[in-house]
Structure formats: structure tokens, C-alpha cells
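S.K.: This is the structure, below, for whatever I ask next.
The values are calculated or read from the model by the stated rules, or taken from the named source; none is laboratory data. As the structure is a computational prediction, the values presented were derived from the model and not from experiment. FYI the Cβ positions are ideal-geometry reconstructions off the backbone, even for glycines, and counts take in every protein chain you see.
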Amino acid sequence: MNPAERVMSILNLALQGVSLQRDPMDDILEDILKRKNTLEEIRNAAQENMKLRLKLRNSVKAVQDLLSERTKRLKLNEKNFQIYNPASLINIDETFEIIHRIDSTLQQEETSINSLNKHYELQDFIKSHYQIRTYSFQIKKCGEEGCKFCLPIRLPKDIFDELKFIPDPMLSTDLEHYKDFDDLYGTETKEFLPSASESTKEDIPSGIINNSNIRKLINCTICNKPRCIFSKNALNDEKKTSLEILLDNVIYICGSPIAPETHNLYKKVYIRQKIHCSSPIEAVYFSCRRLKTEIICFYCGEKNELLEPDDSLKKKFTTIYPFCQTCKSKGYNWPTRGRIKVRN
């Protein structure tokens, strides 16, 4: 399950018995807003129109304040929820000024994992200071005397040397229980994700996963790979709008469901859940004609540094998927399908 979805049942309590309405803007701005159907379209319009951006921000402030106040009353494990303001453009600029001390080539729009992997100075820093897992992120001083990033260690060195990253949960030898924390602390562990190791059979009715049934694409928040949303029948205007609103309000991660059981599109639209961020792009994506798609690498989803297949490969296979230089350098083979049978 999408980690962001697990808390929804509690968050819904803050919305019970509440009617929300933003403050009106002037007629010209309201007319612009009426022509926009999704949050993405509204964001794009606000980026192009400074007045709309400022007025819209003021228009929704009362709603934000009300929701913030009600959400603060919620508790989980006897702890009140905390509310944080989104980062401002100034905050983002200041953050990148710090990041540029590590890697001056990183640009603000480079937020996907694949983009970050191409910045080698940043990757070297991550390897020596971070531990990144699917559900955790840890950072600590490397302890090296010559490090140009870490401040001097203030703890006694023998105590600092005992500080280790929190280990990954690991199954014991009986495969029914997890090992004790004390037995794992300070040892090398690997991330264990049982859900990612389960059967690859999807809980989707037969015949739905094909290129003619792709109705929409959604990008993973973490890896930025496009994933296909399917439905057996074409969506009418009402369902299209419902899907647009749904996608505007979901934080999608590879392997997550797309529509909750209470939604009107549940069991009407489908997305593969037996996938994860390391899974390649779905083959049906490349044969989709209903939607506008990009030519991207089969493995990583990037559209830069794509290679041109040679004639020998074209003579062997009926389908050759896009393939990039970065994935080739990692040892991946050229993705192909349908070997051509040669008659003697």
C-alpha cells in the first residue's frame, strides 16, 4: 500500500462536518480559473500569470488555515499531528546553494532518481553519508578527518564510532520471525520487501492489460517512470474528469493502487501493482496509439542519450525497445522482443 494512503482514515476525521469555500477573486481571474479543469492546468496558469498566482494564494488561505487548525487536533499514538508550510521559492534556492557546494552542476528541475544518478559528485557524497531505503532515509557524518562537508565530530571518537545506521529488518532462519535489533545493529543488511517478492500475477481481469485499453499515464513520484492506467471500456466525460481529480490528489508510487475502494472508479480503472521502481517501462506503453507518449529508455525511462540499434539487431528481432547509454554502461542488454526465425 502507498505509505501516504495509510493515514487517510485518520485525516478524514478532520473533514467530517466541514463545508469549504475559498474567497472569490475578481471576475477576470475567476473566468481564467473556470476554464481550468485540473490542478496541473491551474498551476501552469499561475506560473504564467503573476497576478493570478498571488490572488489565488490569498483566495485559498482561509481554507488552508481552517484545515490546518482541524488537522492539528488529530492524534496518532497520542501524538498530535504537526503542520508544515510548503517550501517557498526562496527556501528552494537556498537549499540548492548548499547542494551546489557538493555538486555545482545539479539543476533544480533534475529531481528524478535517473537524473540524480548522472551527477557523480553527488552520488559519491550520498554513498559516504547516506543510507537510502524504500521507507527510510538516514544521513550521518562520515567520520573522515579530511571530509570537506562534515563539521568536526563533537562526541568522543570511540562513542561516535559506535554509531551506525539503523539496520534493515531481516528474517530469522525459521523464515517466520525477524531477527533481534541487537543482533543486526552494526552489521551489513539488505532491504527485504516481502510484497516485492510475491507472485507477479496481477489482480486485474483478463484481457484488460493491452495497449488499446490504456486511458491515462501517471508518473511515479520517486522514479518518475510513466505507468499505464487501464480500463476495459472507454471513459465518458464524467469519469475522465473524476480520474483527473483523482490523479491530482494522489501521491503515486510504483506498485500502489490507483483508486481506493470507496471511489467511483474502483474496479473500473486498473494499474499494475506487482511492479516497483526498478521495474522497466511496460511494453504496452511503447505500442500505445491512444495517448501521446515519448521515446524513452525501456529500463530507466530517460529520453536522453538514446542509442541507435545496429542492422544486425534489426535482422534478429521484430521489436527493439529504446535503450540509453547509461543503462548500457550498467550492463543491461538491449531490450528486444520477437526473435525473427531464419529459414534455411
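S.K.: Which one of CYS254, CYS228, CYS277 is more than 26 Å from LYS36 (Cα to Cα), surrounded by 13 or more Cβ atoms within 10 Å (Cβ to Cβ) and in contact (Cβ under 8 Å) with a residue 40 or more places away in the chain?
M.R.: Within the list CYS254, CYS228, CYS277, the selection yields CYS277.
S.K.: Kindly indicate whether GLU244 is of a type in the set (D, E, K, R), surrounded by 13 or more Cβ atoms within 10 Å (Cβ to Cβ) and not assigned by TED's automatic domain parsing to the domain that holds GLY331.
M.R.: yes
S.K.: With the structure loaded, tell me whether ILE320 is among the β-branched types (Val, Ile, Thr), surrounded by 12 or more Cβ atoms within 10 Å (Cβ to Cβ) and in the same structural domain as ASN210 (by TED's automatic domain parsing) or whether it fails that test. Quick ask: steps written out before the conclusion?
M.R.: On the way: among the β-branched types (Val, Ile, Thr): yes; surrounded by 12 or more Cβ atoms within 10 Å (Cβ to Cβ): yes; in the same structural domain as ASN210 (by TED's automatic domain parsing): no.
Criteria not met by ILE320.
S.K.: In region 223-246, what residues are closer than 22 Å to ASN44 by Cα and within 13 Å of the chain's Cα centre (by Cα)?
M.R.: ASN224, LYS225, PRO226 - these are the residues of region 223-246 that are closer than 22 Å to ASN44 by Cα and within 13 Å of the chain's Cα centre (by Cα).
S.K.: Would you mention how many residues in region 73-102 are more than 23 Å from the chain's Cα centre (by Cα) and either closer than 30 Å to GLU121 by Cα or modelled with pLDDT of 95 or more (or both)?
M.R.: Looking only at that region, the number is 7.
S.K.: Scan the helices (runs of 4 or more DSSP H) fully inside region 84-168 and keep the ones with 1 or more residues being closer than 30 Å to LEU67 by Cβ and among the β-branched types (Val, Ile, Thr).
M.R.: So the answer is 89-99.
S.K.: Residue under question is CYS300, and the condition is that it be more than 23 Å from ASN210 (Cα to Cα), surrounded by 16 or more Cβ atoms within 10 Å (Cβ to Cβ) and either among the acidic types (Asp, Glu) or outside the structural domain of ASN117 (by TED's automatic domain parsing) (or both); does it hold?
M.R.: No; evaluated as a whole, the condition is false for this residue.
S.K.: Another question, if that's okay. Out of everything in region 38-80 that is touching a residue at least 24 places away in the same chain (Cβ under 8 Å) and in a loop (DSSP other than H, G, I, E, B), what residue ends up being surrounded by the most Cβ atoms within 10 Å (Cβ to Cβ)?
M.R.: LEU74
S.K.: For region 107-127, does any single residue satisfy the condition of being of a type in the set (A, V, I, L, M), surrounded by 11 or more Cβ atoms within 10 Å (Cβ to Cβ) and out of contact with any helix residue (DSSP H, G or I) (no Cβ under 9 Å at 6 or more places or on another chain)? Break it down stepwise before answering.
M.R.: Taking region 107-127 as the starting set, the residues that turn out to be of a type in the set (A, V, I, L, M) are 113, 116, 122, 126.
Going one step further and asking which of them are surrounded by 11 or more Cβ atoms within 10 Å (Cβ to Cβ), we end up with 113, 116, 122, 126.
Restricting the remaining residues to those that are out of contact with any helix residue (DSSP H, G or I) (no Cβ under 9 Å at 6 or more places or on another chain) gives 113.
Yes, region 107-127 contains a residue that is of a type in the set (A, V, I, L, M), surrounded by 11 or more Cβ atoms within 10 Å (Cβ to Cβ) and out of contact with any helix residue (DSSP H, G or I) (no Cβ under 9 Å at 6 or more places or on another chain).
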